[in-house]
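K.L.:
Dropping a structure here in structure tokens format, bear with me for questions.
Quick note: the coordinates plus some simple rules give every number you see, no bench work behind them. Computed from a prediction, not measured in an experiment: that's the story for all the values here. So basically every Cβ, Gly included, is an ideal-geometry build from the backbone, and we count neighbours across all protein chains shown.
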Amino acid sequence: MKSNAILKGCVGVAVKKDAPRIVVQGGGRLAGELSVQGAKNSILPLLSATVLCQGESVLHNCPNLSDSDAACRILNCLGCKCVREANAVTVDSREVLNTDVPKDLMREMRSSIVFLGAILGRTKQCRLTFPGGCELGPRPIDLHVMALRKMGVNIEEEGGFLNCNAPKGIHGAYISLALPSVGATENIILAAVTAKGTTEIQNAAREPEIIDLAEFLNKCGAKISGAGTGTIVIEGVEKLGGAEHTVIADRIVAATYLCCAAITRGELILKNVDFRHISAILPVFEQMGCSIYTYNDNQIYINAAKQLHAPYKITTSAHPGFPTDAQPMFMALASTLKGTTVFVETIFDNRFRHAQELRQLGAKISVNDRVAVVEGVERLIGADLEATDLRGGAALVTAALFADKTSTITGISHIERGYDDIVGNLQKIGAKISSN
Ligand code: EPZ
């Protein structure tokens, strides 16, 4: 039996024989309809927000992800009771006994930093490590720290830990963010809802997940206005109760399945998704030559003609611009379009790692710092690939659906952080895909 290294045709890069993998037999056309899962980047701050609630909350449409499971484990470590039943998670946070988040759980996901604001808001102290998560370049938290210090929190870094406390309580502040950081906006909101006085955030992030968080917290008794705009005002209240809430659909998962349909020149109906949340993405599909129809406020239909052409340039930017999280899957799609596409990544330092793996399939991509130039090719050929981050892994699945022959993708734990049963969903619309 030849070693995987030889089979892969390149010495020294053996595919680990027994690593869990996704196997894709590419070349088929996808067609059908899918319902979109709840948003990973919404359920995580929502679960964190329950720490502030002195009561029981129920979050519906919770996706089944390793990241949401990790968030539930953090809640249980803090003394909350977090129970999942089907697509709903119930959190009883009457008792919050601990203020330290264990190192292993903090390392599991980047977004664990969003627990900082909630734990401080509830207990006025917290000890946690620097966040883990995707390898997208440095993931600083200077804006989080700057803002919380302005609100009266003492934050000392010691041996990779952040030791935080607010002996005089947390008070409102005027905070102007140097850039519209999603996580910093969420942490400020979570620390401000029970602070003394009013907090105003200038240059706040405007993502739909921010609106979802504010809507849940207002149901719990918070007084937040302006979510979804660049200026958010939070009037501190004494106490929050629990509430029921339905998590918004995952706009990046929606974009992913649309890319899968487009790359196979197929057609797809997506249900339970707010098309306004991806209003910067839909015109790009039309520029390529796809037909896009939206209806009933929560459905999107895409039909990809045989001959699609490159959309020339895609520049990522903060919402409502083209989302950085959709860039990897669009790069996979662009690799198969007639013409050249220029990608400019303005959000993260190192978000083209998937280019190297896409080249294994025959994609023609050149990368220079934050600019990638993709020259479309007529054919991609299946290969052994390895996912290095969440959306990069989704890009490899997308490209493998187009590639002739068979592709295997390892590192699927990255993909499972954000996609609820991507294999089962793609099988539903005709993909020859399996995981083992
Ligand atoms: C959230 O990450 C999302 N994650 C990311 O999605 C998404 O790509 C990102 O927002 C941008 O939209 C979650 O919501 C769990 P940021 P976050 O703070 O909050 C810099 C995915 O694939 N920055 O808006 O970490 C930072 O380095 C993930 O689902 C500072 O400089 O993103 C980055 O360059 C990937 N200092 C930029 O801002 C800070 O204190 C945007 O970061 C904070 C951020």
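K.L.:
Give the order of VAL153, VAL193, VAL237 when sorted by the count of other beta carbons within 10 angstrom, beginning with the fewest. Don't skip to the end; give the middle numbers.
P.N.:
Details: VAL153 24, VAL193 27, VAL237 14.
Placing the least packed residue first, the sequence is VAL237, VAL153, VAL193.
K.L.:
Sticking with this structure for a sec: Compute the whole-percent fraction of alpha carbon pairs in segment 224-315 spaced more than 16 Å apart.
P.N.:
That tail contains 63 percent of the Cα-Cα pairs.
K.L.:
Let me ask something else about it. Determine which aspartates and glutamates satisfy two conditions relative to LYS428: a Cα distance under 17 Å, and not lying fewer than 8 residues away in the same chain.
P.N.:
Straight-line reach from LYS428, under 17 Å: GLU33, GLU267, ASP420.
K.L.:
Right, another one. Tell me what the chain gives for mean residue ellipticity at 222 nm when only DSSP H runs of n ≥ 4 count, each as -39,500 (n - 2.57), the sum divided by the residue total, rounded to 500 deg cm²/dmol.
P.N.:
The helix-only estimate for the chain comes to -8500 deg cm²/dmol at 222 nm.
K.L.:
Can you tell me the relative contact order of segment 353-436? Whole percent, Cα pairs under 8 Å, sequence separation 6 or more.
P.N.:
Numbers: 113 pairs, mean separation 21.0, N = 84.
So the answer I get is 25 percent.
K.L.:
Would you mind putting 397-404, 156-163, 378-385 in packing order, based on average other-beta-carbon counts within 10 Å, highest first? Don't jump to the answer; show the numbers that get you there.
P.N.:
Values: 397-404: 26.6, 156-163: 12.0, 378-385: 19.2.
Top to bottom by mean Cβ count within 10 Å: 397-404, 378-385, 156-163.
K.L.:
Residues in segment 243-268, backbone N under 18 Å from the label point at GLU378 (7 Å along the Cα-to-beta-carbon vector): list them, ranges by number please.
P.N.:
Answer for segment 243-268: 264-265.
K.L.:
To the nearest 10 degrees, how steep is helix 40-49 against the longest Cα principal axis of the chain, on a 0 to 90 scale?
P.N.:
Compared with the principal axis, the helix lies near 10 degrees.
K.L.:
In the chain, what percentage of the DSSP-assigned beta bridges are antiparallel, given to the nearest 5?
P.N.:
Numbers: 58 of 82 bridges.
Close to 70 percent.
K.L.:
Additional query: With a cut-off of 8 Å between alpha carbons and a minimum separation of six or more residues, what is the relative contact order of the chain in percent? Could the numbers behind the result be given before it?
P.N.:
Working: 1076 pairs, mean separation 85.4, N = 436.
Relative contact order comes out at 20 percent.
K.L.:
Taking the Cα centre of segment 190-233 as the origin, how large is its charge dipole in debye, to the nearest 20, when only Lys and Arg (+1) and Asp and Glu (-1) carry charge on their Cβ atoms?
P.N.:
On the way: 4 positive and 5 negative charges, 45 e Å.
So the dipole magnitude of segment 190-233 works out to roughly 220 debye.
K.L.:
D for segment 298-410, whole µm²/s, Stokes-Einstein with Kirkwood Rh over alpha-carbon pairs at 20 °C and 1.002 mPa s: what number?
P.N.:
On the way: Rh = 14.2 Å.
It comes out at roughly 151 µm²/s.
K.L.:
So what's the net charge close to GLU95: Lys and Arg +1, Asp and Glu -1, counting the other residues with Cβ under 11 Å from its Cβ? Please report the intermediate quantities before stating the final value.
P.N.:
On the way: positive: LYS81, ARG94, ARG122; negative: ASP92.
Charge balance in the 11 Å sphere: +2.
K.L.:
State, as an integer percentage, the relative contact order of segment 146-212 based on alpha-carbon contacts under 8 Å between residues 6 or more apart. The partial results should precede the final answer.
P.N.:
On the way: 92 pairs, mean separation 21.5, N = 67.
Taking the mean separation of contacting Cα pairs over the length of segment 146-212, I get 32 percent.
K.L.:
What's the local net charge at THR231, with K and R +1, D and E -1, over the other residues with C-beta under 11 Å away? Present the calculation step by step, with values, prior to reporting the outcome.
P.N.:
Working: positive: ARG206; negative: GLU200.
Taking every Cβ under 11 Å from that of THR231, the sum is 0.
K.L.:
Still on this structure, I have one more. Once phi is turned into θ = phi - 60°, what whole-Hz ³J(HN,Hα) does the Karplus curve with 6.51, -1.76 and 1.60 give for every residue of segment 221-233, x standing for Gly and Pro?
P.N.:
Couplings: x, 6, 10, 10, 10, x, 4, x, 10, x, 10, 10, 10 Hz.
K.L.:
Same structure again: Can you tell me the orientation of helix 182-192 relative to the chain, as the angle in degrees between its alpha-carbon axis and the longest Cα principal axis, to the nearest 10?
P.N.:
Rounded to the nearest ten degrees, it is 20.
K.L.:
Step through the table entries LYS168/LYS239; LYS196/LYS223; LYS40/LYS196; LYS40/LYS432; LYS124/LYS219; LYS103/LYS219, compare each Cα-Cα distance with 21 Å, and write down the pairs that go over it. Could you put the intermediate results ahead of the total?
P.N.:
Details: LYS168/LYS239 17 Å; LYS196/LYS223 12 Å; LYS40/LYS196 31 Å; LYS40/LYS432 26 Å; LYS124/LYS219 23 Å; LYS103/LYS219 32 Å.
Beyond 21 Å between Cα atoms: LYS40/LYS196; LYS40/LYS432; LYS124/LYS219; LYS103/LYS219.
K.L.:
OK, next. How many angstrom lie between the C-alpha centres of segment 18-86 and segment 306-321?
P.N.:
28
K.L.:
Exposure proxy check: SER66, SER176 ranked by fewest other beta carbons within 10 Å? If you can, show how the numbers build up before the last one.
P.N.:
Details: SER66 17, SER176 13.
Ordered from fewest to most neighbouring Cβ atoms within 10 Å, SER66, SER176 come out as SER176, SER66.
K.L.:
Let me ask another. Among TYR174, TYR419, which comes first, second and so on when ranked by fewest other beta-carbon atoms within 10 Å? Don't skip to the answer; put the middle values down first.
P.N.:
Working: TYR174 10, TYR419 28.
With the sparsest Cβ surroundings first, the list reads TYR174, TYR419.
K.L.:
Going highest first, how would you order 197-203, 144-150 by mean Cβ packing within 10 Å?
P.N.:
Details: 197-203: 18.0, 144-150: 20.1.
My ranking of the peptides, most packed first, is 144-150, 197-203.
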